[in-house]
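The values are calculated or read from the model by the stated rules, or taken from the named source; none is laboratory data. Quantities reported herein were computed from a predicted structural model and do not represent experimental measurements. Reconstructed Cβ throughout: ideal geometry from the backbone, glycine too, with neighbour counts over all protein chains shown. Surface accessibility is based on the protein's heavy atoms, side chains included, excluding ligands, DNA and RNA. Shrake-Rupley method; radii C 1.70, N 1.55, O 1.52, S 1.80 Å.
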Amino acid sequence: MDEGLGERLFGFTIDVLTFLSSLPKNPEAQVIRYQLAKASSSSGANYEEAQAASSKADFAHKMKIVLREMRESNYWIRICIALKFGNEAEANKLKMESSELKNILGSICSKL
């Protein structure tokens, strides 16, 4: 598929992991830190796996996982914003990027 999308997903993961260092050290933020780190990195990793899919059905399955993980990332970012956890400007940037990526990935999945 598009190498640009893979790089964008990679950049998103790096930006999320950097953002997570700005979260408070309380137990609630620890849960969010763990879940958001997993979801954001999983979307990029599964996209990479999809590039080597063994069939069209395998590709479609992996891309649906990518979309689900991006949706989850967006959810946790919105929680950070609502709770005022982390750098607000960075959280809003991540929310916008995850929304755009959700739309791109949703479009890809709907065409499969």
Selection from region 9-25 of residues touching a residue at least 24 places away in the same chain (Cβ under 8 Å) and in contact with a Gly (Cβ under 9 Å, 6 or more places away or on another chain) yields LEU9, PHE10, PHE12, THR13, PHE19, LEU20, SER22, LEU23, PRO24
Under 6 Å by Cβ, and 6 or more places apart or on different chains, what pairs join a residue from region 83-112 that is closer than 30 Å to GLN30 by Cβ with one that is of a type in the set (Gly, Ala, Ser)? PHE85/ALA29; GLY86/SER22; ASN87/SER22; SER98/SER73
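Working carefully through the options PHE10, PHE19, find the one that is within 12 Å of the chain's Cα centre (by Cα) and in a helix (DSSP H, G or I).
Numbers: PHE19 fails: within 12 Å of the chain's Cα centre (by Cα).
When all the criteria are applied, what remains is PHE10.
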Hits in region 22-58 (condition: within 19 Å of PHE85 (Cβ to Cβ), among the charged types (D, E, K, R) and not in a loop (DSSP other than H, G, I, E, B)): GLU28, ARG33, LYS38
Qualifying residues in region 26-46 (those that are of a type in the set (D, E, K, R) and modelled with pLDDT of 95 or more) - the one most open to solvent (accessible area, probe 1.4 Å): LYS38
Can you spot a residue in region 72-82 that is at pLDDT 95 or above, of a type in the set (Lys, Arg) and crowded, with 16+ Cβ neighbours inside 10 Å? no
Residue ID - nearest to the chain's Cα centre (by Cα), chosen from residues in region 47-71 that are under 30 Å from PRO24 (Cα atoms) and open to solvent by 100 Å² or more (accessible area, probe 1.4 Å): ARG71
Take the residues of region 83-112 that are open to solvent by 40 Å² or more (accessible area, probe 1.4 Å) and outside any helix (DSSP H, G or I): which is nearest to ASN46 (Cα to Cα)? LEU112
